[in-house]
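A short worksheet on the structure shown next.
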Amino acid sequence: IGYGGLIQLAMRTGAYININATDVREGEIVDGSRDRMRGTMDFEWIEDDAEREKKPIIGYVAYYKLINGMEKMVYMSKAQVDAHEQRNRKGQNMTKAWRDNYDEMALKTVLRKLLSKWGMLSIDYRSAPKFSASASESLANAIAAEDAQDFIDAEGTVDVDTGEIVADSDSGVA
């Protein structure tokens, strides 16, 4: 499946607002903005396309935003993309697809990494039963009923030293 096929498969789920992948040029990563824990980094994109084309590509980034607000991005340096290609090649030499379409294959690689690890590519979740308020109420009532079976309802006061129920003066419990 190609780059376009990955995006089409993801978009058919109806869960995405935006999916994109692009190359990253020298000078576009904001220094000190990479947060490995949150998996984020900031970019200052070069607006002038002619100026941008003059800069060398240093990596590739893929990004998505879901309709529920979740956002995720994956960045791979050019060295990481090269290592991925070498690990997954079928022989000693780069395949024709990588030789002739390096940038497209790199974009597909970073997008596949993002979607296969973090994204949704199946429409099956749409047919899953909805967890409604009445279902959660029923579950809470069932748990409460089960918990109630563990208690003995008795009138009186518990003697702290012995654990026995002792009679209250007006209840008649002995």
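Full extension of the chain segment joining Asp49 with Asp103 gains 17.8 nm, where the gain is 0.36 nm per residue of separation less the Cα-Cα distance. For the stretch 1-45, the residues whose backbone nitrogen is under 19 Å from a point 7 Å from the Cα of Lys96, taken along Cα to Cβ, are 1-3.
Give me the percent of accessible area attributable to carbon and sulfur for the stretch 41-101, probe 1.4 angstrom.
Numbers: 1890 of 4150 Å².
So the carbon and sulfur contribution to the accessible surface is 46 percent.
Derived scalar couplings between HN and Hα for the stretch 61-67 equal 9, 10, 8, 9, 9, 8, 5 Hz in order, rounded to whole Hz, by the Karplus curve 6.51 cos²θ - 1.76 cosθ + 1.60 (θ = phi - 60°), x for Gly and Pro. With 28 Å as the limit, write out which pairs from Lys65/Lys90; Lys55/Lys90; Lys90/Lys113 have Cα-Cα distances beyond it, or answer none. In this structure, Lys65/Lys90; Lys55/Lys90 exceed 28 Å between Cα atoms. Translational diffusion coefficient of the stretch 39-131 (Stokes-Einstein, Kirkwood radius from Cα pairs, 10 °C, 1.306 mPa s): 101 µm²/s. With the alpha-carbon atoms of the stretch 5-48 aligned to their principal axes, the span from lowest to highest coordinate is 36, 31, 15 Å, starting with the largest.
Counting only protein heavy atoms and using a 1.4 Å probe, the accessible area of Lys65 comes to about 70 Å².
Close amide H partners of Arg34, meaning residues 5 or more places away or on another chain with modelled amide H under 5 Å apart, are Asp42.
The values are calculated or read from the model by the stated rules, or taken from the named source; none is laboratory data. The model shown is predicted, which means the values in this text are computed figures rather than measured ones. No Cβ is skipped: glycine too gets one built from the backbone with ideal geometry, and neighbour counts run over all protein chains shown. Keep in mind that these areas ignore ligands, DNA and RNA; they rest on the heavy atoms of the full protein, side chains included. Shrake-Rupley method; radii C 1.70, N 1.55, O 1.52, S 1.80 Å.
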